[in-house]
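Since the structure comes first, as structure tokens, the remarks are kept for the end.
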Amino acid sequence: MLAPSDSAHLDKVAPRTARDWSFDAGAFVIAAALGAVILSVTGDVTANPMTSGQVLTDAAFGVLCCLSLWWRRRWPFGVALVCVLLGAFSTSGTVAGCARSGSGGPIPGR
């Protein structure tokens, strides 16, 4: 059984290191860039082109998915859930969802 002071300590999140910030920034930039490329490719398909409303909605969901990557260390399940739900409607948000699922946070023992 944990003492009250121990349980209060478990709720705290360790501050981000420079390595964490650089990884999060890199994941954000890569997800945003690849999401923009995917959106431009899928938006230009001549067989079934997207309307401007669909492109705007897709881009907005992609931006929300990319921004959610900044909170993936604090709320990993919530960010994964948001990315999966928005990625179902957004081709540009799928890259952020993949980045989220591929980077689980700190490595145990380090």
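Under a 5 Å amide H cut-off, with hydrogens placed 1.01 Å from N, MET50 pairs with VAL45 among residues at least 5 apart or on other chains. Here the Karplus relation 6.51 cos²θ - 1.76 cosθ + 1.60, evaluated at θ = phi - 60°, turns the backbone of the range 81-98 into coupling constants of 5, 4, 5, 5, 5, 6, x, 5, 10, 9, 6, 6, x, 5, 5, 5, x, 5 Hz, with x for every Gly and Pro.
Where does each of CYS98, CYS83 land when they are ranked from fewest to most other beta-carbon atoms within 10 angstrom? Walk me through the numbers before you get to the answer.
On the way: CYS98 16, CYS83 28.
The fewest-first ordering by Cβ neighbours comes to CYS98, CYS83.
Relative contact order for the range 21-102: 38 percent, from Cα pairs under 8 Å spaced at least 6 residues apart, divided by residue count.
In sequence order, the range 14-22 has phi-based couplings of 5, x, 6, 8, 4, 5, 4, 4, 5 Hz under the Karplus curve 6.51 cos²θ - 1.76 cosθ + 1.60, θ = phi - 60°, and Gly or Pro positions carry x. By other beta-carbon atoms within 10 Å, ranking PHE77, PHE89 with the fewest at the front produces PHE77, PHE89.
A short reminder: the numbers here are calculations on the coordinates, not readings from a lab. Everything numeric in this text was worked out from a predicted model, so none of it was measured. FYI the Cβ positions are ideal-geometry reconstructions off the backbone, even for glycines, and counts take in every protein chain you see.
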